There are 2 protein chains.
Amino acid sequence: MKFCSSCGAPVRLRIPSGDSLPRHVCDQCGTIHYRNPKVVVGALAEWEDRILLCRRAIEPRYGAWTLPAGFMENEESTAQAAARETWEEACAHIELGAMYTLIDVPHISQVHIIYRARLLDLDFRPGDESLEVALFGEKDIPWDRIAFRTIALTLQHYFDDRRKGAWPFHNLVIGAPPAPGPRP
Amino acid sequence: MKFCSSCGAPVRLRIPSGDSLPRHVCDQCGTIHYRNPKVVVGALAEWEDRILLCRRAIEPRYGAWTLPAGFMENEESTAQAAARETWEEACAHIELGAMYTLIDVPHISQVHIIYRARLLDLDFRPGDESLEVALFGEKDIPWDRIAFRTIALTLQHYFDDRRKGAWPFHNLVIGAPPAPGPRP
């Protein structure tokens, strides 16, 4: 951020009076520009013993598999966001269940939320942001080509909980991945 | 938003190609400015059969009582935000428990999250944003002076769950309050 979105003057990064963190402050009109974490919401939709995955047609992680999920929009609930993203990415009709995982990803200032869901029919197809959409049983999950760690973690808990026959809500935190360094 | 925060040129509200919602778009540098819901996080801290409330020293709802809570910052987890806000508003030392309520407030584009917590000592005092901080038993809760509906709802569930002796995670949605209209 270089300019004030209210008046167009240059902004300066400084700690406002009464605050404890640096913010982009406009000295011309006084606006303080806050930046806050973003919420990503999606759905884990079941059809019998298989679950719905989408192969990404966009960056990041073009070509990798994921649960349908995306940035929550203003003026919607997390449940509405989960259903909307499932429709946009997989054109799938679902009945939403309970919130299943909430995973903090502080190093990228995101909170990832996945709802459980039931696929209502097999009339799904790739939306604009997907190359393909398919159902996977546990043994067929492409673990080495899952797009995001929060999605892999949600899938691991899902298959684990399915074996146990219990579906607790999982609140987890993911740290930064290890930096790629010189290998010994 | 009137000006591009990247280049300072005026922005225009239009639906970008491939999108479905109007965004503030800069036609000079091409930046699309997204706006997303904000996450508010706080803690319901117990001391024996009482819970910690703060009386607000800031707007909105100056003078009303609330659980310590505030906007989640970039690069922190929801749990870190809950502990930080409890420290800032009540200077209270807590041990954080499980995430307890997540309440969608779509008409103001917010998600409110409250963790359960255990107060570690009685050495609390008002932070800069509080007029006073105090412990309340169920019968003393100032229900008509609770600052926000999400806080009142969380407190109602808390006392209800305490009677039942079970602490499920609650995922709820709050709609817009009825518009003030002419009274009959």
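Among the residues of segment B:64-77, which ones are closer than 15 Å to residue B:151 by Cα and open to solvent by less than 30 Å² (accessible area, probe 1.4 Å)?
Listed by number, the residues that qualify are B:64, B:65, B:66, B:67, B:68, B:69, B:70.
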Restricting the search to segment A:41-56, which residues are surrounded by fewer than 22 Cβ atoms within 10 Å (Cβ to Cβ) and either within 14 Å of chain B (Cβ to nearest Cβ) or not in a loop (DSSP other than H, G, I, E, B) (or both)?
A:46, A:47, A:50, A:55, A:56
Which of the numbered conditions does residue B:151 fail, given that it passes all the others? Conditions: (1) away from chain A (no Cβ under 13 Å); (2) at positive phi; (3) of a type outside the set (Phe, Trp, Tyr); (4) open to solvent by less than 40 Å² (accessible area, probe 1.4 Å).
(2)
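Yes/no matrix, rows are residues, columns are (1) more than 7 Å from every other protein chain (Cβ to nearest Cβ); (2) in a loop (DSSP other than H, G, I, E, B):
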position	(1), (2)
B:8	no, yes
B:39	no, no
B:58	yes, yes
B:75	no, yes
B:82	yes, no
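Does segment B:78-93 hold any residues that are surrounded by fewer than 20 Cβ atoms within 10 Å (Cβ to Cβ) and acidic (Asp, Glu), and which are they?
Across segment B:78-93, the qualifying residue is only B:88.
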For segment B:154-178, how many residues meet the condition of being of a type outside the set (Ser, Thr, Tyr), more than 21 Å from residue B:63 (Cα to Cα) and open to solvent by less than 70 Å² (accessible area, probe 1.4 Å)?
14
Out of A:119, A:96, report the one residue that is in contact with a Phe, Trp or Tyr (Cβ under 6 Å, 6 or more places away or on another chain) and open to solvent by less than 40 Å² (accessible area, probe 1.4 Å).
A:119
Read through the list (1) assigned to a loop (DSSP other than H, G, I, E, B); (2) away from chain A (no Cβ under 14 Å); (3) out of contact with any strand residue (DSSP E or B) (no Cβ under 9 Å at 6 or more places or on another chain); (4) not charged (D, E, K, R), then give the number of the only condition that residue B:166 fails.
(2)
Please go through segment A:84-97 and give me each residue that is touching a residue at least 40 places away in the same chain (Cβ under 8 Å), of a type outside the set (A, V, I, L, M, F, W, C) and more than 14 Å from chain B (Cβ to nearest Cβ), ordered by number.
A:86
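The values are calculated or read from the model by the stated rules, or taken from the named source; none is laboratory data. Note that the structure is predicted; figures quoted are calculated from it, not measured. All Cβ positions, glycine included, derive from the backbone under ideal geometry; neighbour counts span all protein chains shown. Only protein heavy atoms, including side chains, enter the accessible area calculation; ligands, DNA and RNA are left aside. Shrake-Rupley method; radii C 1.70, N 1.55, O 1.52, S 1.80 Å.
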